[in-house]
1. By how many nm would the segment from residue 149 to residue 95 grow when fully extended, if each residue of separation counts as 0.36 nm and the alpha-carbon distance is taken off?
2. Return, ordered by residue number, the residues of the range 150-174 whose backbone nitrogen is under 16 Å from a label point located 7 Å along Cα→Cβ of residue 19.
3. So what is the 222 nm mean residue ellipticity for the chain from helices alone, if each DSSP H run of at least 4 adds -39500 (n - 2.57) and you divide by all residues, rounding to the nearest 500 deg cm²/dmol?
4. Hey, could you pull the Cα Rg and Dmax for the chain, both in Å?
5. In nm, to one decimal, how far is the modelled label at residue 263 from the one at residue 171, with both set 7 Å along Cα→Cβ?
6. Give me the 1.4 Å probe accessible area per residue for the range 162-224, excluding ligands and nucleic acids, in Å².
7. Would you please give the residues with an amide H less than 5 Å from that of residue 180, counting only those at least 5 places away or on a separate chain, with H modeled from the backbone geometry?
8. With each label point set 7 Å from Cα along the Cα-Cβ vector, what nm distance links residue 66 and residue 298?
Amino acid sequence: MSNIPWIEKYRPKTVDELLGSESIKELINGFIRRKDIPHLLFAGPPSTGKTTTALILARAFYNDKLSGNFLELNASDERGIDTIREKVKEFAKLLPDNEVGFKIVFLDEADALTTDAQQALRRMMELYSKYTRFILSCNYINRIIPPIQSRVAVIRFAPLPIDQIEKLVDRIIQTEKISITENAKRSLIEIAREDLRKIITILQSAHYASNGKIIDENLIEKISGKVGIERAKELLSLILAKKRTEARERMISLLEEGNDPEEIIQGLLRAIDLYPNMDETRRANLTRIISEYHYRITIGTNPYIQLVAMIIEMSYL
Ligand SMILES: Nc1ncnc2c1ncn2[C@@H]1O[C@H](COP(=O)(O)OP(=O)(O)OP(=O)(O)O)[C@@H](O)[C@H]1O
Ligand SMILES: [Mg+2]
């Protein structure tokens with residue numbers, strides 16, 4: 001079992017192990033006590049515990065006998081709603097053979113379904129509701145059609161607070177006996193922001209890549225393919241000091257090293273967040289300029305020209 005991905009190894013298996021919102025935990029414990037759930041919609045950003053919570057419920061109801069009782073489907077699967085319908089039908093056809101009296105269909109990324117597909121899903125939810133509960137998950141609740149929203153209890157998931165993320169990272173570091181510098185740890189958490197899956201995956205890759213040596217910031221940055229925060233901070237300092245030629249050269253070398261424009265922009269945004277004593281207006285104006293150029297890049301204009309123009313404009317603030 002040594003090469004099991006850490007996101008699975010460290011995925012909480014019980015409500016007690018789940019980090020984050022106490023109110024969600026109370027709600028889930030309530031469902032477990034009553035041995036019943038309504039149709040549910042788990043809404044929130046990636047890796048905030050939606051799939052984990054669905055699995056915790058399933059395990060609480062069915063112990064380890066998930067097969068036949070718990071069906072996990074991915075809505076953004078290219079095979080589309082017809083396959084989903086077939087699979088749900090197939091699954092719901094047999095009466096539940098468990099003591100809670102229902103089965104669970106977990107439909108991940110329900111917001112990736114088209115409106116028509118969601119209408120079909122809504123009919124399925126009605127058709128099979130007697131012996132089947134649906135748990136839907138989505139990143140954006142406004143992409144779920146109102147008739148579905150009104151048939152489910154919505155639970156909103158938010159990213160874990162930074163101190164809980166740090167505790168989890170420390171726990172993994174201890175358990176896996178990882179040597180890592182404080183800076184590398186900070187950089188890991190900064191780079192991946194609040195995305196726990198990313199944090200855990202980068203840490204595991206760094207651990208393998210380090211070959212028993214101490215993991216430092218460079219390794220974390222190399223593995224995550226991100227523009228390191230230190231380099232983004234340096235670039236920002238040049239821009240703010242109006243050293244335009246140097247800033248331009250620095251930007252060009254970042255691009256020439258193969259850094260993605262999106263990553264450079266994300267790095268600059270983080271550097272702005274972390275910049276000491278910057279007044280709010282300046283912060284807002286810098287962010288506004290970045291978002292404008294970011295938009296231009298996403299619609300397909302030359303990123304090289306846009307990024308250089310962006311730092312020049314930022315330097316005139
Ligand atoms: N509340 C939490 N407590 C502890 N670990 C968590 C929590 N939420 C997420 N994790 C960790 O992050 C990983 C990803 O979580 P999960 O698969 O539940 O995310 P998700 O919300 O379903 O994301 P997505 O929208 O991308 O499907 C888990 O394997 C687990 O290691
Ligand atoms: Mg998920």
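The values are calculated or read from the model by the stated rules, or taken from the named source; none is laboratory data. Fair warning: this is a prediction, and the values are worked out from it, not measured in the lab. Note: ideal-geometry Cβ built from the backbone for every residue, glycine included; neighbour counts use all protein chains shown. Each accessible area value is taken on the protein alone, full model and side chains, heavy atoms only, with ligands, DNA and RNA left out. Shrake-Rupley method; radii C 1.70, N 1.55, O 1.52, S 1.80 Å.
1. Values: separation 54, 0.36 × 54 = 19.44 nm, distance 2.66 nm.
Between residue 149 and residue 95, full extension yields 16.8 nm more.
2. 158-174
3. On the way: 15 runs with 180 residues, N = 317.
-17500 deg cm²/dmol, from helical runs alone.
4. Calculated on Cα positions, Rg and Dmax stand at 23.4, 72 Å.
5. Simple spin-label model gives 3.0 nm for this pair.
6. Working: 3500 Å² over 63 residues.
Value returned for the range 162-224: 56 Å² of accessible area per residue.
7. Residues meeting the criterion, in which the H sits 1.01 Å from N, are 215.
8. 3.3
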